[in-house]
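Report on one structure; see the data block that follows.
The values are calculated or read from the model by the stated rules, or taken from the named source; none is laboratory data. For clarity, every value in this text was computed on a predicted model and none was experimentally measured. Quick note on the areas: whole protein, heavy atoms, side chains included, nothing else; ligands and nucleic acids left out. Shrake-Rupley method; radii C 1.70, N 1.55, O 1.52, S 1.80 Å.
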Amino acid sequence: MPIKALVFDAYGTLFDVQSVAAATEAAFPGHGTTITQIWRLKQLEYTWLRALMDCYEDFWTVTTESLDFTLRTLGLAAPPEFLAEIAGAYDALALYPEARAALEGLASYRLAIFSNGSPAMLKRLVAQAGIGELLETVISVDEIGVYKPDPRGYAHVEKRLGLSRDEILFVSSNGFDIAGAKAHGFAVARIERVPEEALRSEIESAGAIDPQLMFKALRMQPERLGFHADAAIAALTDLVSYAADRPQPAASGNPS
């Protein structure tokens with residue numbers, strides 16, 4: 001069936017999670033890079049832990065809890081009001097430079113975001129980036145109280161859009177999200193922020209693996225779970241031609 005809608009992940013796909021580094025460095029000079037990486041790693045881990053424990057809390061809670069963990073682990077102190085101020089950096093993430101042009105070029109399709117973010121966080125994020133008029137809707141996991149990559153989340157996307165999975169192209173740069181969407185049966189395009197060859201070269205040339213390089217290795221590579229994206233796309237703007245002439249999706253669940 002022809003693609004009718006493109007559904008985008010938000011954090012790391014349309015918006016650069018690394019852009020919180022300015023806020024973390026300003027708050028704790030000399031520690032910004034380390035805080036940024038541990039914070040994001042723990043933020044995702046807490047979504048998975050809460051899902052497994054069946055103890056859902058919204059993404060703002062997860063974001064502040066993971067920041068609190070990070071600062072305490074590094075021996076840094078922040079009172080609650082300062083913690084919330086730093087966490088607010090997630091409401092002002094930088095839009096990737098090509099994101100607006102890509103959304104404008106895809107205007108003939110229905111466009112949506114599906115994200116772990118809470119409705120209030122996503123509303124602020126989309127508003128500050130000025131892309132609200134380019135999107136039909138923003139879908140939060142908060143609507144069903146379960147984090148990605150739970151299959152109920154991707155099924156909720158179909159319900160909200162009134163489309164079958166065959167009519168949706170899901171777009172993400174996050175390996176866990178790609179695996180989850182593909183396991184559900186979506187056609188999936190991976191935004192390849194860090195190509196595998198580039199990562200290997202960077203690791204080989206590094207004197208030591210610093211926190212940012214560790215993050216690239218852990219969170220910016222395809223997962224080896226047997227569910228692979230149908231295409232690796234270098235930039236969001238390349239989706240325009242890919243969506244127009246999309247090959248048939250690969251069968252789900254072909255372990256390598």
Notebook entry, point to check: How do Tyr147, Tyr109 stack up against each other in accessible area, from largest to smallest, with a 1.4 angstrom probe?
Noted result: Tyr109, Tyr147
Check: How much solvent-accessible surface does Asp230 expose, in Å² to the nearest 10, with a 1.4 Å probe and all protein chains in place?
Finding: 40 Å²
Next item on the list: Provide the per residue accessible area, probe 1.4 Å, for the chain, rounded to a whole number of square angstrom.
Entry: 44 Å²
Check: Taking 0.36 nm per intervening residue step and subtracting the Cα-Cα distance, what contour gain separates Asp54 from Phe69 on full extension?
Finding: 3.4 nm
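Given a 1.4 angstrom probe, I'd like the percentage of the accessible area of the chain that is carbon and sulfur, rounded to a whole number.
Numbers: 6210 of 11240 Å².
Its accessible area is 55 percent carbon and sulfur atoms.
For Cα pairs less than 8 Å apart in space and 6+ apart in sequence, what is the mean separation divided by the residue count of region 100-256, i.e. the relative contact order in percent?
On the way: 211 pairs, mean separation 34.2, N = 157.
That works out to 22 percent.
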Notebook entry, point to check: Angle between the Cα long axis of helix 119-129 and the longest principal axis of the chain, 0 to 90 degrees, nearest 10?
Noted result: 90 degrees
Check: Taking amide hydrogens as modeled 1.01 Å from N in the peptide plane, which residues meet the under 5 Å criterion relative to Ile139, leaving out close sequence neighbours?
Finding: Ile113, Phe114, Ser115
Item checked: C-alpha long axis of helix 151-161 to longest principal axis of the chain, angle in ° -> 60 degrees
Item checked: Computed accessible area, Met1, all protein chains, 1.4 angstrom probe, square angstrom -> 130 Å²
Item checked: Cα-based helix-to-principal-axis angle, 175-184 vs the chain, degrees rounded to 10 -> 30 degrees
Next item on the list: Give me the accessible area of Asp9, 1.4 Å probe, in Å² rounded to the nearest 10.
Entry: 10 Å²
Next item on the list: Keeping every protein chain in place, order Thr237, Thr73 by accessible area at 1.4 Å, biggest value first, i.e. largest first.
Entry: Thr73, Thr237
